[in-house]
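Every number in this text was worked out from the coordinates using simple rules, so none of it is lab data. Since the structure is predicted, the reported quantities are computational estimates derived from the model, not experimental observations. For neighbour counting, all protein chains shown are included, and Cβ atoms are generated from backbone atoms with ideal geometry for every residue, glycine included.
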Amino acid sequence: MAPGEMDAQRALELLHMTVFSQSVSPCGKYLAAGNNYGEIAIFSLSAALSSEAKEESKKPVVSFRAHDGPVYAMVSTDRQLLSSGNGEVRAWNWSDIVKKGCKEAWSRRPPYRSSLEVPEINSLQLNPKDNSLLLAGGDCAVHAMDLESGAFTHEFRGHSDYVHCLALRDQSQECLSGSEDGTVRMWDLRTGAQVQLIEVHKYEECSRPQHGKWIRCLATDCDWMVCGGGPALSLWHLRSVTPTTVFPLPHCQQHVMFYQDLILSAGHSPAINHLQISGEIRAQIPCTPRSVHSLCVNERSPEHKLHLPAIVRARPFSARLTDSYEMLVVPQVGNYRLGSRHPGASLR
């Protein structure tokens, strides 16, 4: 392929790039972003957030092909970046990445029922209590892997359709999973037994038949859960299995998290939502992209503490910030870069 044709192809790829996942390094100084082409790009937050930052410092310090298909999910341990794609999880040592070395440390495939099965793995959840990794996706199951030995120790089955999201209960050895089948299921991580089933779409206050019953996002905080997707984003008391708050957001939400005394969410609308537990919308941070796939907050480095929302469909966009920094992936021809501004600033 001629150089001009390669440049044109790369520009076309950037136009249609979607960043599905992100993870902050253990030191809090780097951000990894994974896209629909199987690439992972590593950004230096210290360089991008510097008062003297130039355009070059907002570009990735290194990027590499991690998977043959999209990078659906990423998490970081104390030493490694874990990424998932079609049918497998791969690990990369952060100590190598920051030196611009991108050699795969290991890869694992869950014990699928058929050798021909290559389902997406689009949810990863670390369980620090027993140093295990939970993963789920297109095979309708949740798998637990021992990170020390690499062995798969449990398989949780009960969902009848694709599993979209996972969350841990901090106070107990339990995991929650949300699925295309419209259910949230709670699992005992010690025995593998299902201990609770919540059919969110069957509650009238949560049901939105026009959007479907699928559960795309969930998060937990002690005895509380927030979940959404087709049904309205809602806050649940897990002991009583009761929805206590339904948030007035008309669009389907794709990611949600508890943060301090707020709930942060984003999805099929050009905004990052800051929600009160009571149901009030405290703030909506607008952004030009039509869909936001993931949110995370960098709390690992006080020097670089910031919100990392809006890892989104990579097209030029602007955003208005309120009470935090915001890190945005913006494309350039042949590359993509980070942009940041102080609270109250506008990105153009």
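General observations
- Here each label is just a point 7 Å from Cα along the line to Cβ, and for HIS268 and GLU55 those points are 3.7 nm apart.
- Point-to-point label distance, ASP161-GLU280, nm (Cα→Cβ direction, 7 Å offset): 3.6 nm
- For the range 154-258, the set of trypsin sites (Lys or Arg not before Pro) satisfying both a DSSP loop assignment and a count of at most 16 other C-beta atoms within 10 Å is given as ARG190, ARG239.
- In units of the compact-protein estimate 2.2 N^0.38 Å, the range 59-151 shows a Cα radius of gyration of 1.08.
- FRET E, pair CYS102, VAL297, Förster distance 22 Å, beta-carbon r, rounded to 0.05: 0.30
- Most tightly packed first, judged by the mean number of other beta-carbon atoms within 10 Å of their residues, the peptides 278-284, 173-179, 58-64 read 173-179, 58-64, 278-284.
- SER149/HIS237 FRET efficiency (R0 51 Å; Cβ-Cβ; nearest 0.05): 0.85
- Taking a ≥ b ≥ c as the square roots of the eigenvalues of the Cα gyration tensor, an a/c ratio of 1.5 or more together with a/b no larger than b/c marks the range 16-94 as oblate.
- Unsatisfied cross-links (Cα-Cα over 27 Å) in the set LYS58/LYS100; LYS54/LYS100; LYS29/LYS129; LYS58/LYS99; LYS29/LYS103; LYS99/LYS129: LYS99/LYS129
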